[in-house]
Amino acid sequence: MHKRLFTPGPTEVRADVLKELSTPQIHHRSPEFGELYAGIQAKLKQLLFTENPVFLFTCSSTGAMEAAVTNLVGKRCLNLVNGAFSKRWHEITEANAVPCDAFSIDWNKALRPEMVEEQLETGKYDAVTLVLNETSTGLMNPIADISEVVARYPEVFLLVDAVSGMAGVKIDTDAWKLDFVLAGVQKAFALPAGLAVAAVSERALARSEHVPPRGYYFSLPNMYKQHKKNQTPSTPAIPHMFALNAQLANILAEGLEERFARHEKMAEVVQNWAKRHFDIYPEEGYWSKTLTCIRNTRGISIGELINNLANNYNLRIANGYGPIKEKTFRIAHMGDTQLDEIEGLLKVIETIAEL
């Protein structure tokens, strides 16, 4: 029996979108593929408010994170860390022998522009990694304010993990001067896992030509060369691209502002509920619009709650991540989820936990 997903990735995928995966195969060097690629490109540019090229990666978001630091750090990278996935980006940077430092704060605290300014004033860095929306904590960092700080240092590139935010909240790529902004499609896009996308600035592409090669599969110069021909360097996940193209059309048909407003309304409902019955993990004012990380103030067994939801109601939420497992639990309100579905889930949790 299928369990309806309210997890922060992968998320629920509609049946009509899943059917797109069974579209008959086309050859990836054919004109038909070029048309598919170009159509996806045009739609992604609308979604991300950008004129930059948007690359498709046949991998998880982690691969796109690796591509960012291996291609775009010439001198030293500042990894801003306040959660599990920002910590992962630092680990990725280190693992690739890219010079870097971690600036780490508590997971329930937001990164502030003045913190970033203090680090950039040292002159040590030419790239910064930032997670827009920490999936591990349900915290949304103030990207617009931080981008203003980074923009005052022209030699510093801003690399953004928007994995659990993209397609659920507005990402003003060009206005915020984002040099690399990435996401996997298995979260707010509401697609099967298997693809990542990343908008890359022209100046980032120029730098990637001069950074010593640190890999092959994730080479941005190779990707850009093929991108200009509506191609990919190697065989992509073509079925996933058919699904992505169809879902992007659905997203644009809903209306971007309407989609963002729906996510905001669902977040408001879940977070008001969480404050009534529990508490919210990150500091107020920086709560995510796509998932809520709820502090287990009642000391209930989160594992038992998850199993009860799954086994008796065919619903699935997520435990806390890493060191905050059992201390928190996470409810996703992203993708194609509707308000009435969220309200139904919350009522079931109230019944199970006797709230």
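Every number here is computed from the coordinates shown, using simple stated rules; none is lab data. All values reported here derive from a predicted model rather than from experimental measurement. Here Cβ is always computed from backbone atoms with ideal geometry, including for glycine, and neighbour counts include all displayed protein chains.
Some observations on this one:
- Residues within the stretch 94-110 that are farther than 21 Å from Ile146 by Cα and surrounded by 14 or more Cβ atoms within 10 Å (Cβ to Cβ), tallied: 4
- Single residue of Arg330, Arg295 found to be buried (at least 20 other Cβ atoms within 10 Å of the Cβ) and either among the aliphatic types (A, V, I, L, M) or under 20 Å from Asn82 (Cβ atoms) (or both): Arg330
- Those residues of the stretch 169-184 which are in contact with a helix residue (DSSP H, G or I) (Cβ under 6 Å, 6 or more places away or on another chain) and assigned to a loop (DSSP other than H, G, I, E, B), in sequence order: Lys170, Trp176, Lys177, Asp179
- Qualifying residue in the stretch 27-43 (condition: under 20 Å from Gly168 (Cα atoms), of a type in the set (Lys, Arg) and in contact with a Leu (Cβ under 6 Å, 6 or more places away or on another chain)): yes
- Count - residues of the stretch 46-69 that are of a type in the set (Ser, Thr, Tyr) and over 21 Å from Ser86 (Cα atoms): 2
- Residue satisfying condition, being crowded, with 20+ Cβ neighbours inside 10 Å, touching a residue at least 12 places away in the same chain (Cβ under 8 Å) and over 24 Å from Pro221 (Cβ atoms), within set Leu72, Leu120, Leu139, Leu48: Leu139
- Highlighted here are the helices (runs of 4 or more DSSP H) found entirely within the stretch 67-168 that include at least 1 residues which are closer than 30 Å to Thr7 by Cβ and touching a Phe, Trp or Tyr at 6+ places or on another chain (Cβ under 8 Å): 84-95, 143-151.
- Verdict on Ala199 being crowded, with 17+ Cβ neighbours inside 10 Å, of a type outside the set (D, E, K, R) and assigned to a strand (DSSP E or B): yes
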